[in-house]
Amino acid sequence: MSTVEAPDKARARIRERTLRTDNWRVYPITTLVIFTAWVVYATVRAFWGAAFYVPEYHYLTPFYSPCLNEICNNVTVNGVTGDAGEFGTFLPSWTRGWIPFAALSLPFLLLFRLTCYYYRKAYYRSYWASPPACAVAEPHKKYTGERRFPLIGQNLHRYFWMAAFVISLINTYDAVRAFHGKDGGFGIGLGSIILLANVILLWGYTLSCHSCRHIVGGRLKNFSKHPFRYRMWGWVSKLNERHGQYALITLGSLVVADLYVALVASETISDLRFFN
Ligand code: FES
């Protein structure tokens with residue numbers, strides 16, 4: 001039987017951990033499993049150092065973009081040789097396996113997602129049980145919020161967003177490049193469509209960010225004098241309603257894009273071609 005004691009100045013004193021009767025553990029456990037599996041996959045792939053580029057169709061996995069290792073050039077798959085190092089290759093080949101080929105973009109993307117409002121909620125609940133769910137007491141005695149190191153670093157999110165914006169532009173360039181035909185010129189394969197869909201979803205995630213909404217429409221005294229920003233703020237606000245969904249869907253789309261490129265680049269499967 002639940003026992004609610006006299007209200008305290010801080011919190012209601014409830015002996016039970018929670019009065020919730022629904023299955024509130026499903027969310028944190030599912031999140032923990034999905035995130036852990038994703039981090040393992042992404043870490044393995046980022047350090048793999050192989051099966052990242054298909055020269056024939058210019059397919060570059062987003063986990064290796066921009067590709068900065070010497071190995072990114074002169075990649076041969078199915079007898080076709082080409083370069084993936086479009087933005088320079090200053091990492092020597094001996095760093096393979098130690099430093100990801102996308103050494104400049106991956107740390108920012110990781111920090112961008114780690115400091116994202118949606119992911120914060122998700123991993124605070126599932127990894128730290130802080131709290132594990134709404135109206136469920138957390139095991140920690142003290143709550144210091146995000147005012148101290150290291151969590152004060154969450155405030156840098158807006159700067160990681162700026163980096164992510166630039167990286168999304170690079171991913172867009174990669175997706176456009178992926179419409180390359182066998183005989184040169186224009187071509188469409190399943191890989192082109194997967195990379196394009198992934199980059200559209202990545203834009204959905206990046207532009208629906210809470211910091212983006214503030215950058216676009218914040219710090220204004222009134223909207224009437226800034227109709228363009230008001231309109232953009234309206235668009236971003238619409239996207240923002242689904243930010244959590246974009247955050248999750250892009251985890252899946254990144255894996256699908258990477259896995260498909262890896263399978264074609266390792267000559268395990270052939271690309272399904274629709275045109276040229
Ligand atoms: Fe999620 Fe900014 S709040 S990316």
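The values are calculated or read from the model by the stated rules, or taken from the named source; none is laboratory data. Since we're looking at a predicted model, the values are computed, not measured. Here the Cβ is made from the backbone with ideal geometry for all residues, glycine too, and neighbour counts use every protein chain on show. All accessible areas refer to the heavy atoms of the entire protein, side chains included, with ligands and DNA or RNA removed. Shrake-Rupley method; radii C 1.70, N 1.55, O 1.52, S 1.80 Å.
Computed over protein heavy atoms with a 1.4 Å probe, the accessible surface of the chain works out to 58 Å² per residue. Note on Lys141: lysines with a C-alpha under 21 Å away, same-chain residues under 8 apart excluded, are Lys9, Lys121. Of all complete DSSP H helices in the chain, those with a Cα span along the helix axis of 15 Å or greater and a mean Kyte-Doolittle hydropathy of 0.0 or more are 26-48, 157-177, 190-207, 243-265. A DSSP coil position with no more than 16 other Cβ atoms inside 10 Å describes the following chymotrypsin sites (Phe, Trp or Tyr not before Pro) in the stretch 80-150: Phe87, Phe90, Trp98, Tyr127, Trp128, Tyr143. Any lysines with Cα under 16 Å of the Lys225 Cα? List them, leaving off those in the same chain fewer than 8 positions away. Partners within reach: none. Across the options Gly79, Ile215, Ala122, the greatest Cα extent toward the positive end of the charge dipole of the stretch 77-218 (unit charges at beta carbon of Lys, Arg, Asp, Glu) belongs to Ala122. Once the gyration tensor of the Cα atoms in the stretch 143-276 is diagonalised, the equivalent ellipsoid follows with semi-axes of 36, 20, 12 Å, ordered largest first. Dimensions of the stretch 199-276 along the principal axes, based on C-alpha atoms and rounded to the nearest Å, stand at 58, 28, 15, largest first. Extension gain, Tyr41 to Arg15, is 5.3 nm, computed as 0.36 nm per intervening residue step minus the present C-alpha separation. Counting protein heavy atoms only, the chain has 65 percent of its accessible area on carbon and sulfur, 1.4 angstrom probe. Between the stretch 174-214 and the stretch 82-112, what's the alpha-carbon centroid distance in Å? When both Cα centres are located, 20 Å separates them.
Take the Kirkwood radius over Cα pairs of the stretch 1-123, plug it into Stokes-Einstein at 10 °C and 1.306 mPa s, and you get 88 µm²/s for translational diffusion. Taking 25 °C and 0.890 mPa s as conditions, the stretch 37-87 diffuses translationally at an estimated 217 µm²/s according to Stokes-Einstein applied to its Kirkwood radius (Cα pairs).
Rg and Dmax of the stretch 72-194, both derived from C-alpha coordinates alone, stand at 20.8, 65 Å. For the chain, would you read off the P(r) tail past 32 Å as a percentage of all alpha carbon pairs? Beyond 32 Å sits 38 percent of the P(r) for the chain.
Can you give the FRET efficiency to the nearest 0.05 for Leu259 and Leu151, using r as the Cβ-Cβ distance and R₀ = 35 Å?
Efficiency, rounded to the nearest 0.05: 0.55.
To the nearest 20 Debye, how big is the dipole of the chain about its Cα centre, given +1 on the beta carbon of each Lys and Arg and -1 on that of each Asp and Glu?
On the way: 29 positive and 16 negative charges, 388 e Å.
It comes to approximately 1860 debye.
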